[in-house]
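Undergrad: Take this structure, written in structure tokens, and hold onto it; I'll ask about it next.
Any read-out appearing in this document is the output of simple, stated calculations on the displayed coordinates, not a laboratory observation. Quantities reported herein were computed from a predicted structural model and do not represent experimental measurements. Cβ placement follows ideal geometry from the backbone for every residue including glycine, while neighbour counts extend to all protein chains displayed.
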Amino acid sequence: MTTLKQFYEGQITMNVVWDILKGDMTPLSYVNLERIVEYVALHAKKRAGGKTAFVVLRGLEYGLSRVTNTLLDIREAPVQYEIFRSIKEANQWLVKE
């Protein structure tokens, strides 16, 4: 949450890549995931029309990122979210109109 708060309280960019290639989301509980989603949904209007790319390697992180995307869609967050396996793919998507 600290990184998210720093992002949304700082100089916000319309497009962002969250690099989780070396991350481990194993200890993330559903309650904590809900808290993250609620926080992002609340602040997403600051980036309306923007894009967020999650870059993950393992299946667990991919699955949790999909759940996050679904929860944000349900809350109608005005940002596009996609999941990728490489930074290169994520950056290519970010620059597409």
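Undergrad: Please give the peptides 70-77, 4-11 ranked by average Cβ packing (other Cβ atoms within 10 Å per residue), highest first, as a rough proxy for protection.
TA: In descending order of packing, they fall as 70-77, 4-11.
Undergrad: Further question on the same structure: Under a Cβ-only charge scheme (Lys and Arg +1, Asp and Glu -1), can you give me the dipole magnitude of the chain about the Cα centre, in debye to the nearest 20?
TA: 140 debye
Undergrad: Quick check on region 33-91: take the gyration tensor over C-alpha atoms, sort the square-rooted eigenvalues as a ≥ b ≥ c, and tell me if it's rounded (a/c under 1.5), prolate or oblate.
TA: It comes out oblate by the Cα gyration axes.
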